[in-house]
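A short worksheet on the structure shown next.
The values are calculated or read from the model by the stated rules, or taken from the named source; none is laboratory data. The shown structure was predicted, so the numbers you read here are calculated from the model rather than taken from an experiment. As a convention, Cβ positions derive from the backbone with ideal geometry for all residues, glycine included, and neighbour counts pool all protein chains shown. SASA here: full protein model, heavy atoms, side chains in, ligands and nucleic acids out. Shrake-Rupley method; radii C 1.70, N 1.55, O 1.52, S 1.80 Å.
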Amino acid sequence: AEQRATAASLGTGPVVPESTSSDVAVMHVRLGDVLDLGNCTRSISTPEDFSGVRDKMAEVFEKGIRLDDNKSYVLSRQYYEQAIEELPKEVRTVVVMSGSMCSHVDPHLIRDVGPVRSLAWQSELRAFLEGKGFRVVLRKADTPDEDLAYMSSARTFIQGGGDFSGLIAELVAK
């Protein structure tokens, strides 16, 4: 069978651990459309611009985001505090899965444009998890089929906001 090259196999990214390993938890987070408010091509031209966005996303990480349909898509620090308290003791690595929902942005072609708020929020989450002693691996979105297969085979899954994450949690529970 032909094997596809990945960033990890090419030496350009971290090696993503198997989701079935007992020391790995897979976490799905909703990024992009909700956090970036549909603006997936915002340009950040100075460090001060990014600093302001990061400060705002630190506030969002504390509170989460609940939309008009009363669904929580971006969850709060309190949610993640409780989720990691419930993890099996052997979990040492958290693989954070996210899709930016901004598929038209090609980070290889445009260096200073992207889902800036999503990236800042993800940075807050990573710092939080590392502060709790976890090794954090950010797994970039692949095809929906491959993401579904990876997450649904997780031994330990931390559900994020949105229906896709809820579907995965149901599959993991079976």
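Structure notes:
- Element breakdown for the range 116-174 at a 1.4 angstrom probe: carbon and sulfur atoms account for 52% of the accessible area.
- In the range 132-174, the convex hull through the Cα atoms has an average projected area of 3.6 nm², a quarter of its surface area.
- Where labels lie 7 Å past Cα in the beta-carbon direction, separation of E130 and S22 in nm: 2.9
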